[in-house]
Structures are given as structure tokens and as C-alpha cells.
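The values are calculated or read from the model by the stated rules, or taken from the named source; none is laboratory data. Not measured: the values here are computed from a predicted model. Neighbour counts are summed over all protein chains in view; Cβ atoms, including those assigned to glycine, are modelled from backbone coordinates with ideal geometry.
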Amino acid sequence: MRFMVLVKADKNSEAGILPNQKILSDMGKYNEELIKAGVMLAGEGLQPSSKGARVRFDGSKRTVTDGPFAETKELVAGFWIWQVKSREEAIEWLKRAPFDGGTEIELRQVFEMEDFGPALTPELRAQEERHREQAEQNAAKR
Amino acid sequence: MTATDPHRAIEAVFRIESPKLIAGLTRYVRDVGLAEDLAQDAMVAALERWPETGVPEKPGAWLMATAKRRAIDVVRRAPMLERKHAELARELEAREAPDFDEALDDPVGDDLLRLMFIACHPVLTTDARVALTLRLIGSLTTAEIARAFLVPEATVAQRIVRAKKTLADAGVPFEVPRGDELASRLAGVAEVIYLVFNEGYSATAGEDWVRPGLCEDAMRLGRVLAELAPGESEVHGLVALMEIQASRLRARTGPSGEPILLLDQNRMLWDRLLIARGLTALARAESLGGARGPYALQAAIAACHARALTGDATDWARIVTLYEELGRVAPSPVVELNRAVAVSMASGPAAALPLVDALANEPSLRAYHHLPSVRGDLLVKLGRAREARREFERAASLTRNERERHLLLERAQQCA
């Protein structure tokens, strides 16, 4: 199963202040551990929201708002995607991360195909169905 | 209220720590069987202590310290045991107090790599290599391995016990092979990992056609190996092959578990993250000069499919060339059969049929259901329905996988 680990923004990350040498080297070591254990599939740090934008959807209308955005704590500043055997394993890996100072990191499980099961959305099911028909036609043509 | 079951949390710690622990202990006691017993004992001790004391800050170091104390106890208290143990006791006592952190840190991961080489040692049967690798490096329980391979738990347990005994009897050293031996032994490790992957990717037996959990276990082992042996191009080739193949897992089965063949798959379901990882690993293999390695070549073939947004956009001519190359470096009837399929796509079924017919008397393919299945496919395209039907029926009778048998019988029926 996969988990996404969400690192939230803070004043520094939003101001574009890079972490100090010590934090960078601790984080580097931690990432290396994750890679060596075959756990890390992806991971990126994000630039401050001042370099980003938001698009709002209303009917056919699209409204673009440029960053920065005010609610710092709600913003994402980085993420990992991990492959683990259990939720507990993901938590155990996260506990080993070199964060401090009251930082809260969020762990979210990624949907897998089988999680949808019979509750597969109608759209997806229709897509699958179309696909099956196509496959059958193809098979017949061959 | 605790957020998470403490027992399961401790098990998660074990899963993370156990390979390093067993590797470090094997270096210490020079016997992988004893090392695993000691690791088990330490984990039992942790299960007793940690629920009260909480998980220590450095759980790995705690486990290692506990296991090493126990190692000295075990050999001291058993003077009647074999001479080997008496020797070991003297050796352990003579050695300086072990540095637990150092043993666990193992910055280059040499101990873990040595453990992989032991688990995949040629003195062991293939079944034993698979079981031992999943147990020692993949941290799977005996029950999990048994479930994955649809065999009784006792069978797996016995396989592991026997394997450890075989290793001890043969006096297999705890080392990374050197020189010429390294390449062949590394190929042996890769083979075990790929075998696990394939059992998950297209199960040879049972009701499910794919078992994604097993693919994930294999990929994790492959990624670990790639970090332990970063300069070995074929290891990256293997990782590339597994990542790209696994990217199709979601699209490979329909809603009720039936197999969907490559060209019929909904490519929107292919996992882009795994494809990107696979292409990166392939580029790494090639940059290390390994473009002609058997795994890298197979990965390059898989990459041709991954890059094509639709089946029609597939570069079949390049795939034919890659199979020709693969046939030169790792000739096998299965490669020839796959080449024939690529030829039929690139140049039409009439060009491919003679290639398939040339394999008709190949002893190693006698029970291989893909041979009649491919031949049936070509015959359908050539309008020879009656012959095609016989081939599909034959293929259905050869496969041991229920889902696949069903699909093949369906195809037979379509050849009215």
C-alpha cells in the first residue's frame, strides 16, 4: 500500500528561506534511509505559494488568483510517496523523520484500484465497460 | 485512546529492523540460522518489554544489544554442543565489546548485501532461495510466504529450516563474492527477485491471475539491491523491468479479475509514477554500459509499450530489434516466441507463423501454454479459425491458472 506524507508550510518555507545546513543534512540522511529500504517512491519540496497560483471553477468560468496565499498552515510545502506493508510501518518510518518544534506531519493512504471494489464510480465502471466491449470487438476482429 | 495498536506498531518496527539485525548478527556469529534465532529471541523480549516501557528511541540498537547478550549466553551455557560452538564462544568473548550502533549503521550495507548472497546461494534449491530471501530480507512471516505461494505453512517452515542447515553444513561464508563470481552470483539474486515478481505478475497457479502484494515485495527487494550494488547495471535493468511491468497491474485485470491482454488494456490506468521510475532506472542501467544486459533489454522492450499512448503507436520494429538482441545475449525458446509475436505485429502474421512453427518440437515448451496460444492468435489473423480453435483449447488445457484457462476457452469458442 502507498501513503502520501504531507509536509505543511510555515513562515520560513513561505518566505522562501531554505532550511539550514544541519536540517538539510539530517533530511538527506533520512531520505537515504527511505531509499535504501525501498520505501520511497517519490518526494519533492515545494516552492513558496508566492510562486504558485489558484484556479477557481464556477460553471464555465475560470478565475485565476496568483499566490501568495494567507492561510500558511493549510499550505503544502512538500510531500513523499511511500510504499509500505502496513499503516503501522508508515507511521514508524514517519516517527524517524528529523522534524521538531511542534511540526505536525500528515500521513494519508493512497487509493488503490481494489479499494473501489464494487463501489467503483459509475463513470469508471462505464469506462471499464466500454473498454471491455472494445476488447471483445478487437478479439473478434483478430 | 491510543492511535494505533501497540502490538502492530512493534511488529512494524521489527519489519523495518529485522533485515539489518539478522545481517549484523550473522556477521557476529557466522551462522545465519543462529542469527535468525537470536533476532527472534530479541523480538520476543521486545514484545514483553516495549508495551510497558514504550519503544526505545533507537529500537534497532536495543534489539541488537539484546540479541548479542543472548548470543554470548547461548554459546556459554551450551558447552556440550558441537566444537564449533565452543570455538565461537571463545571467539565472541575474545572480541571487543561490539559497537551496536556501528553494526546497525553498516553504512555501505555490506552486511545486508552479504545476507542476500547467502539467501540466494547456489547450494540451495530455488524454492529455498525464494523462501529465505522473503523471510530474511523481505521480513515476511512464514505464514505470509505460505499464503503468497499457496503452499502449507509447515512446508515453508520446513524449507527454511532445511535451507539454514544446508548453508551451515556447506560452511557458506558471509561475504560478497569477488571477481568473476560476483556477476554470476548477482544474476542469481536477481533471478530470485524476478521469480517472486513473476509469481505476483502472472501467477502460475491458483484462482487469481495477479497478486500485486507479491510484486510489491519483489520490487522492494529490487530497490534495496539497487542501492546496495549501485554500480551493477543489470540490477538497475531488473528494477526498470519490474517497475514498468508493474505499472500495468491496474489495467491487467478486469472488474471480475479476468486477465486483459496488453493491447486491450486501458492505458489511462497505467501507473505513470512507476513508468517514470522504470524509465529512470533503465537510463541508469544504460549509462552504466549495461544496455545489452538481458534485464535491461527486456526493460527496454517494456519501455516501448510504456511510451506508446495507444497500442497502434507501438514501435514494433524496435521491439523486434530488441528481441533479436535479447536472443543473442540470452537465447531461449521463450524469447524466440516473443520475437515471433513482435514480428507478427511489425510485419504481419504470415511472417511470424514459420518462426512459431520452428518451435513446435522444442522440448522446453512442450507444456508452455503460450506457444499454442500465440499460434492460435496467428491462425485467427490468417483466417484459419478451425486450426486456431484447436490451439486455444490446447493452451487452455496446459495452463494451471483458472482465470487464464477461462480466457483461452473463450477465445476458442470465438473461433466458430
For the stretch B:358-416, name all the residues that are touching a Pro at 6+ places or on another chain (Cβ under 6 Å), of a type outside the set (D, E, K, R) and either on the phi > 0 side of the Ramachandran plot or surrounded by fewer than 18 Cβ atoms within 10 Å (Cβ to Cβ) (or both). B:SER364, B:LEU382
When you go through (1) within 27 Å of B:ARG147 (Cβ to Cβ); (2) modelled with pLDDT under 95; (3) away from chain A (no Cβ under 14 Å) one by one for B:PHE174, which number turns out not to apply? (1)
Pairing a residue in the stretch B:44-72 that is in contact (Cβ under 8 Å) with a residue 24 or more places away in the chain with any residue that is in a helix (DSSP H, G or I) and of a type in the set (Asp, Glu), where Cβ atoms lie under 8 Å and the two sit 6 or more apart in sequence or on different chains, gives B:LYS58/B:ASP101; B:PRO59/B:GLU17; B:GLY60/B:GLU17; B:ALA61/B:ASP101; B:LEU63/B:GLU17; B:THR66/B:ASP41; B:ALA67/B:ASP41; B:ARG70/B:ASP41
Do the conditions hold for A:GLU92, that is, is it out of contact with any Cys (no Cβ under 8 Å at 6 or more places or on another chain), within 12 Å of chain B (Cβ to nearest Cβ) and free of Cβ contacts under 8 Å to residues at least 12 places away in the same chain? yes
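Going residue by residue through the stretch B:150-168, is there one that turns out to be closer than 24 Å to B:ALA226 by Cα and surrounded by fewer than 21 Cβ atoms within 10 Å (Cβ to Cβ)?
no
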Take B:GLY213 and tell me if it is at pLDDT 95 or above and not assigned by TED's automatic domain parsing to the domain that holds B:GLY24. no
Hits in the stretch B:308-322 - residues which are touching a residue at least 24 places away in the same chain (Cβ under 8 Å) and assigned to a helix (DSSP H, G or I): B:GLY311, B:TRP316, B:ALA317, B:ILE319, B:VAL320, B:LEU322
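Here are B:PHE197, B:PHE174: which of them is of a type in the set (Phe, Trp, Tyr), in a helix (DSSP H, G or I) and surrounded by 15 or more Cβ atoms within 10 Å (Cβ to Cβ)?
Just one listed residue meets the conditions, B:PHE197.
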Among the listed residues B:SER184, B:SER202, identify the single one that is closer than 17 Å to B:CYS120 by Cβ and polar (S, T, N, Q). B:SER184
Top-ranked residue in the stretch B:145-171 [being within 13 Å of B:VAL130 (Cβ to Cβ) and assigned to a helix (DSSP H, G or I); ranked as modelled with the lowest pLDDT]: B:ALA148
Return the only residue of A:ALA139, A:ALA70 being within 14 Å of chain B (Cβ to nearest Cβ), over 19 Å from the mean Cα position of the chain (by Cα) and at pLDDT below 95. A:ALA139
State which residue pairs qualify: first residue farther than 17 Å from B:ARG366 by Cα and inside the stretch B:329-342, second residue assigned to a helix (DSSP H, G or I) and acidic (Asp, Glu) in any location, beta carbons under 9 Å apart, and separation of 6 or more residues or different chains. B:ARG339/B:GLU324; B:VAL341/B:ASP377
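I'd like the full set of residues that are free of Cβ contacts under 8 Å to residues at least 60 places away in the same chain and either acidic (Asp, Glu) or away from chain A (no Cβ under 14 Å) (or both), limited to the stretch B:261-296.
Across the stretch B:261-296, the qualifying residues are B:ASP264, B:ASP271, B:LEU282, B:ALA283, B:ALA285, B:GLU286, B:SER287, B:LEU288, B:GLY289, B:GLY290, B:ALA291, B:ARG292.
The rows are residues; the columns are (1) closer than 19 Å to B:MET116 by Cα; (2) part of a helix (DSSP H, G or I); (3) within 11 Å of chain A (Cβ to nearest Cβ); (4) modelled with pLDDT of 90 or more.
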position	(1), (2), (3), (4)
B:GLU11	no, yes, yes, yes
B:GLU17	yes, yes, yes, yes
B:GLY33	yes, yes, no, yes
B:ASP41	no, yes, no, yes
B:PRO51	no, yes, no, yes
B:PRO56	no, no, no, yes
B:ALA61	no, yes, no, yes
B:ALA65	no, yes, no, yes
B:ILE72	no, yes, no, no
List every residue pair whose Cβ atoms sit under 9 Å apart, with the two residues 6 or more apart in sequence or on different chains, where the first one lies in the stretch B:343-370 and is without any contact (Cβ under 8 Å) to a residue 12 or more places away in the chain and the second, anywhere, is of a type in the set (Ser, Thr, Tyr). B:ALA351/B:SER344
Quick check on A:ILE17: is it of a type in the set (A, V, I, L, M) and part of a loop (DSSP other than H, G, I, E, B)? yes
Can you tell me which residue in the stretch A:30-61 is surrounded by the fewest Cβ atoms within 10 Å (Cβ to Cβ), limited to those that are at the interface with chain B (Cβ under 10 Å from one of its Cβ atoms) and in a helix (DSSP H, G or I)? A:GLU32
